[in-house]
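Have a look at the structure below, then the notes.
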Amino acid sequence: MKQKIYIAGKVTGLERTVVENNFNTLKEYFTQKGFEVVSPIDIVTDPATEWKAAMKICIAALMDCDFIYPMKNSRNSKGAMLEITIAKAFGITFIDSAIADITKYVSYLDSANVVLNLKFAGNMFSILRANETALKLLNQVKNKTSHL
């Protein structure tokens, strides 16, 4: 059975073509990596759906996922930040470059216990890499929370 990954990102306020390009590019990438991809634009099919109703659908779908990929634009989205908060609370694994960006937000949500539960599943996680920026951010979070 394929593992499911949820793509979190900004939808509201962006042109539909931009949103579709953002999500579909990532959907194609993660599908090629062997994931079953859950994308908000695939599960909320009517762009006119009220925000609260759309979030209920998205959160329900997120709860059935093994991983979450927060796009970099997630920090500019109330809905994506809600999804990220819920994913953190339920121990859903964050993957790829967004880890560095999300770590600082997660630290504010739970600064006494910042833990990113990184699970490795074979070669699928060749996309997980600790670059210098991520290490620097993780060290900053560690330094800020070490006194707690």
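The values are calculated or read from the model by the stated rules, or taken from the named source; none is laboratory data. Here the structure is a predicted model, which is why all the values come from computation and not from measurement. Positions of Cβ are backbone-derived with ideal geometry, glycine not excepted, and every protein chain shown enters the neighbour counts.
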Those residues of segment 63-82 which are under 19 Å from Tyr29 (Cβ atoms) and in contact with a strand residue (DSSP E or B) (Cβ under 9 Å, 6 or more places away or on another chain), in sequence order: Cys65, Asp66, Phe67, Ile68, Tyr69, Pro70, Met71, Ser74, Ala80
Some residue of segment 115-127 being under 25 Å from Asn22 (Cα atoms), hydroxyl-bearing (Ser, Thr, Tyr) and modelled with pLDDT of 50 or more: no
Qualifying residue in segment 81-97 (condition: crowded, with 18+ Cβ neighbours inside 10 Å, modelled with pLDDT under 50 and among the hydroxyl-bearing types (Ser, Thr, Tyr)): no
Subset of segment 15-57 [touching a residue at least 40 places away in the same chain (Cβ under 8 Å) and in a loop (DSSP other than H, G, I, E, B)]: Lys33, Gly34, Phe35
Qualifying position, being over 18 Å from Asn76 (Cβ atoms), of a type in the set (A, V, I, L, M) and more than 16 Å from the chain's Cα centre (by Cα), among Val37, Val44, Val18: Val44
Residue count for segment 62-77, restricted to those that are modelled with pLDDT of 95 or more, part of a helix (DSSP H, G or I) and over 13 Å from Ser39 (Cβ atoms): 0
